[in-house]
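A.B. asks: The following block contains the structure, expressed as structure tokens.
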Amino acid sequence: MKKVLFSAAMALVLVSCAHDEVIEINRDGDEIQFNVVSDAATRAENVYCNNNMPEQFRVWANHTDDGDWGGGAPYIVGDVIKKEGNTWKNTSGTRYWPTGKVTFWAEVNAGDNFFWNDGNPEIQDYVVPVDVSQQKDLLYAATCATKEGGPVKLNFRHALSQIVFDAKNMNPNLYVEIKGVTICNLANVGTLPIDAGTDGNYENHLGSQNTIQPDRNGWQMEHSSAMGLTGGDTDYSVTFDPVAVQGNGQEKPLTSKKDGQVNNGVEWCTKAMLLLPQTTTAWAPAPDNGKPVADTQTGTYFLVDCKIFNVSDASKGYQSTYEGDVCLWEGNVAIPAAFDWKEGKKYKYTFVFGDGNGGYNPDPDPNDPTPDPEPVLTPITFDVTVDDFVYVGNKDYQMQTNN
């Protein structure tokens, strides 16, 4: 038997959305108009990019005659801009350019968690839903503009990190089925000050013509005590139809994409997690932490819900129902992992089976005198000895013949 190995193939935001979408409100005089773009991301059904724009956003602005970015007096407070056909319409009424500079801030999906604070805006006490289907792509934008610059170019950045999963099996003597992944002990609430501009659309993260979006994690995990919120103890789970991972070393998508679902070279993700950017310490599965049961562990780790079979005869294929195959494990495998997630980045984690150590039973027998987490699978190894030839004594034979 083989122990289970975890490896993390972390990819930044991987693919490009094709072009900026340039839409004006109208062409009369001094109206404030918007060109809206959004950073590229491997496209999920609920993730925005240049080819998948939000239906609306809210905008705030400060005006100053000659001040720096962000200064001045309130000019726009929470106008709702909606997409209507090929135009963006300010449903709060037409706005006109003043003299001087205007700093604009905008958000998508922040809702009541967006606080403007007279030009010091922040997304405050934002809670990421535990239900992955309810998670939303949280966007923000900020720029300084003047009438002479033409339409205001709002480039939206992704405020969260996107997490997806793959798996592969390196051992032809194992057959694996996976039906869910949980990330344990994460922070679930934070505050993000919008204290810098977001100019520059990062739409081709693999090409040489654009600089990779800078690493940024401006989230603050100190929370409003009045809201009674805590972080660092929240689990996020995603489930799916069982995925067979055969022992041929081929990588299989779990949530990273739908097979065959590609649009202009952009993979469609399914059930991708959108989580708070954060830095964590991995759970240490050792008896000295005094907490052998997964539900009470500190530190972050994965739980991979899987079945692992021994394939008695690999030449007959990878069939869990083949006579002679034995289920070695059914349930969650705990895999310690530390995270360092940045805003607007995609991380793909690949679980590698049958190629080393790393998977633990998260719930050992509490009656065990030393109930520290133990490896899920114990490899079959061999200690080889050879008996000495046993000496049984001497017997003489005369070298003669009998006539």
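A.B. asks: Residues in region 143-154: is at least one farther than 25 Å from Tyr349 by Cβ and touching a helix residue (DSSP H, G or I) at 6+ places or on another chain (Cβ under 9 Å)? Give the derivation first.
C.D. replies: Pass one, region 143-154, residues farther than 25 Å from Tyr349 by Cβ: 143-154.
Pick out the ones that are also touching a helix residue (DSSP H, G or I) at 6+ places or on another chain (Cβ under 9 Å) and you get none.
No; the residues of region 143-154 include none that is farther than 25 Å from Tyr349 by Cβ and touching a helix residue (DSSP H, G or I) at 6+ places or on another chain (Cβ under 9 Å).
A.B. asks: List the residue pairs whose Cβ atoms are under 8 Å apart, where the first residue sits in region 82-95 and is at pLDDT 85 or above and of a type in the set (S, T, N, Q), the second is surrounded by 13 or more Cβ atoms within 10 Å (Cβ to Cβ) and assigned to a strand (DSSP E or B), and the two are 6 or more positions apart or on different chains.
C.D. replies: Asn90/Asp79; Asn90/Ile81; Thr91/Asp79; Thr91/Ile81; Thr91/Lys82; Ser92/Asp79; Thr94/Glu31
A.B. asks: Residue check, Pro54 against (1) over 28 Å from the mean Cα position of the chain (by Cα); (2) part of a loop (DSSP other than H, G, I, E, B), all met but one. Which one?
C.D. replies: Among (1) over 28 Å from the mean Cα position of the chain (by Cα); (2) part of a loop (DSSP other than H, G, I, E, B), the lone unmet condition for Pro54 is (1).
A.B. asks: If you go through region 151-172, how many residues are in contact with an Asp or Glu (Cβ under 9 Å, 6 or more places away or on another chain) and surrounded by fewer than 18 Cβ atoms within 10 Å (Cβ to Cβ)?
C.D. replies: We begin by selecting, within region 151-172, every residue in contact with an Asp or Glu (Cβ under 9 Å, 6 or more places away or on another chain); these are 151, 153, 155-162, 166-171.
From what's left, surrounded by fewer than 18 Cβ atoms within 10 Å (Cβ to Cβ): 151, 170.
Total meeting the criteria: 2.
A.B. asks: Return a yes/no flag: does region 370-379 have any residue that is crowded, with 18+ Cβ neighbours inside 10 Å, at pLDDT below 80 and within 33 Å of the chain's Cα centre (by Cα). Steps first, please.
C.D. replies: Taking region 370-379 and keeping what is crowded, with 18+ Cβ neighbours inside 10 Å, we get 373, 376-377.
Okay, now just the ones that are also at pLDDT below 80, so 373, 377.
Narrowing the set further to residues that are within 33 Å of the chain's Cα centre (by Cα) leaves 373, 377.
So far as region 370-379 goes, yes, one or more of its residues are crowded, with 18+ Cβ neighbours inside 10 Å, at pLDDT below 80 and within 33 Å of the chain's Cα centre (by Cα).
A.B. asks: Okay, next question. Of all residues in region 190-213, which are at negative phi, modelled with pLDDT of 70 or more and assigned to a loop (DSSP other than H, G, I, E, B)?
C.D. replies: Answer for region 190-213, where residues must be at negative phi, modelled with pLDDT of 70 or more and assigned to a loop (DSSP other than H, G, I, E, B): Ile194, Asp195, Ala196, Gly197, Thr198, Asp199, Asn201, Tyr202.
A.B. asks: Moving to a separate point now. May I ask you to verify whether Glu55 is surrounded by fewer than 18 Cβ atoms within 10 Å (Cβ to Cβ) and within 21 Å of Asp112 (Cα to Cα)?
C.D. replies: It is true that Glu55 is surrounded by fewer than 18 Cβ atoms within 10 Å (Cβ to Cβ) and within 21 Å of Asp112 (Cα to Cα).
A.B. asks: Sticking with this structure for a sec: Among the numbered criteria (1) buried (at least 16 other Cβ atoms within 10 Å of the Cβ); (2) touching a residue at least 40 places away in the same chain (Cβ under 8 Å), which single criterion is violated by Val127?
C.D. replies: That leaves (1) as the condition not met.
A.B. asks: Looking only at residues in region 63-74 that are part of a strand (DSSP E or B) and touching a Ser or Thr at 6+ places or on another chain (Cβ under 9 Å), which one is surrounded by the fewest Cβ atoms within 10 Å (Cβ to Cβ)? Lay out the reasoning, then the answer.
C.D. replies: Quick first cut of region 63-74, residues part of a strand (DSSP E or B) only: 63-64, 73-74.
So of that shortlist, the ones also touching a Ser or Thr at 6+ places or on another chain (Cβ under 9 Å) come out as 63-64, 73.
On the way: His63: 18, Thr64: 19, Ala73: 13.
Within region 63-74, the match that is surrounded by the fewest Cβ atoms within 10 Å (Cβ to Cβ) is Ala73.
A.B. asks: Does region 146-179 hold any residues that are closer than 26 Å to Asp215 by Cα and assigned to a loop (DSSP other than H, G, I, E, B), and which are they? Talk me through it step by step, then tell me what you get.
C.D. replies: Initial filter on region 146-179 (closer than 26 Å to Asp215 by Cα): 152-166.
Within region 146-179, Ala159, Leu160 meet the criteria.
The values are calculated or read from the model by the stated rules, or taken from the named source; none is laboratory data. Values in this document were obtained by computation on a predicted structure and should not be read as measured data. All Cβ positions, even for glycine, are placed from backbone atoms using ideal geometry, and neighbour counts span all protein chains on display.
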